[in-house]
Amino acid sequence: MTLDLKSLALPGVQRLQPYQGGKPVEELERELGIRGAIKLASNENPLGLSAVARAAIEESLIDGARYPDGNGFYLKQKLAEKFSVGTDQLTLGNGSNDVLELMARGFLGSEHNAVFSEHAFVVYQLAITAQNAKAIVVPARHWGHDLAAMAAAVDDHTRLMFIANPNNPTGTWVALDDIESLMKKVPQHVLVVVDEAYFEYVDKPAYGTALSLLDQYPNLVITRTFSKAYGLASLRAGYAVSHPDVADIINRVRQPFNINSMALAAAVAVLDDQDYLGRSIEINRKGCEQLTSGFSQMGLDFIPSVGNFIAVEIPGNIQALYQALLQLGVIVRPIGLYGMPNHLRVSIGLPEENQRFLDTLRQLLSERGGT
Ligand SMILES: *Cc1c(COP(=O)(O)O)cnc(C)c1O
């Protein structure tokens, strides 16, 4: 072939590396010919789909041959009520990942840059690069976001800043007061996107949703997802809350039916399912204790996390350990891609899954003569 077809792609797209998710259970079982593997690799909800969501999905299938409500009327209505915002402030997405990308699509060109922290959620980098905009990566402090340094990194060409609160994969968080101090410093031409994918799990007095600052700071955007505490990862539902003008722009660049009927129905239903949400939070809190005390017993360092996952530091060859865990049917996530080559990220699972992971890890580490 004479022409390199890849050279035809847009410059930003040429620089992209496809996102690598956690390995699916069936894929591992197929590859190894095993059964009973467990996946603690994608921060999914270990409780599985709520019965309330399942019923709503089944009901929505009655209209399965029709296009979804492209404006997501009922979901917006429900969210607006629950969080005391206007429906014109809401944008729905095919997962919050969609909304994050739409922000980049609407506001970033090759002449712009966007600021985010080292070790932050990798989708920011992808969304910025796809637009051929420049990514300004600000060094982390104690694994967390250095908001003062992030504010200082802003220049006339900055259009977006991404703050994951809590952050994935570190599990670190920033206080609401610190977000407010940041907003005071950041000029209005910078849209500050606070990604609250895990906010339901956080139980810290100083933590608060940035929604409460939206009236004062119109350049603030909050994104949320139904994939984690609400257990709808496969359906893909997320949303942004912003000034109506920002919502109007995102609405112009999204696909007309970017959120499907099943996702809409399930999301509406789970917002009322306090029991499921409560159990999600509780099983996560207990699992976090179980894992961190296991790590401590093994003498392993970990980053204290407020999310549904923990980054644990592993001595020695981490790729070999990751592979060995796979062989034994335990899927976790190496996070070298996040600039953390010495950590594994483990999602908090059911008690028996956490135990199996801890036991397998202990066995492998002792076999190699480590801890
Ligand atoms: C999981 C995650 C998301 C988005 O997930 P969706 O399934 O696309 O809604 C967004 N931000 C962070 C930090 C995440 O970890």
Checklist entry - How high is the FRET efficiency between D275 and S7 when r is their beta carbon distance and R₀ equals 45 Å, given to the nearest 0.05? => result 0.25
Item to check | Net charge contributed by nearby residues that have their C-beta within less than 10 Å of Y217 (K/R +1, D/E -1) | outcome: -1
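Using DSSP loop states and a limit of at most 14 other Cβ atoms within 10 Å to flag chymotrypsin sites (Phe, Trp or Tyr not before Pro), what is the longest stretch of the chain containing no flagged site?
Here the longest run is 20-256.
Can you give me the relative contact order of the chain as a percent, contacts being Cα pairs under 8 Å and 6 or more apart?
Details: 692 pairs, mean separation 85.7, N = 371.
Computed over the chain, the figure is 23 percent.
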Checklist entry - When only alpha-carbon atoms count, how far does the chain stretch along each of its three principal axes, as whole angstroms with the largest first? => result 60, 58, 49
Checklist outcome for this item: For the chain, the dipole about the Cα centre with charges only on Cβ (Lys and Arg +1, Asp and Glu -1), to the nearest 20 debye, works out at 560 debye
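Can you flag which of K23/K228; K204/K286; K6/K134; K228/K286 are past 26 Å Cα-Cα?
Beyond 26 Å: nothing from the list.
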Checklist entry - Between the stretch 176-222 and the stretch 135-158, what is the C-alpha centre distance in whole Å? => result 15 Å
Checklist entry - Taking Rh as the Kirkwood radius computed over C-alpha pairs, what is the Stokes-Einstein D of the stretch 51-270 at 20 °C in a medium of viscosity 1.002 mPa s, expressed in µm² per second? => result 122 µm²/s
Next on the checklist: List the residues, sorted by chain then number, that are 5 or more residues from T158 or on another chain and whose placed amide H is less than 5 Å from its amide H.
Outcome noted: N113
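A short reminder: the numbers here are calculations on the coordinates, not readings from a lab. As the structure is a prediction and not an experimental result, all values here were calculated from the model. Ideal geometry is used to build each Cβ from the backbone, glycine not excepted, and the neighbour counts take in all protein chains shown.
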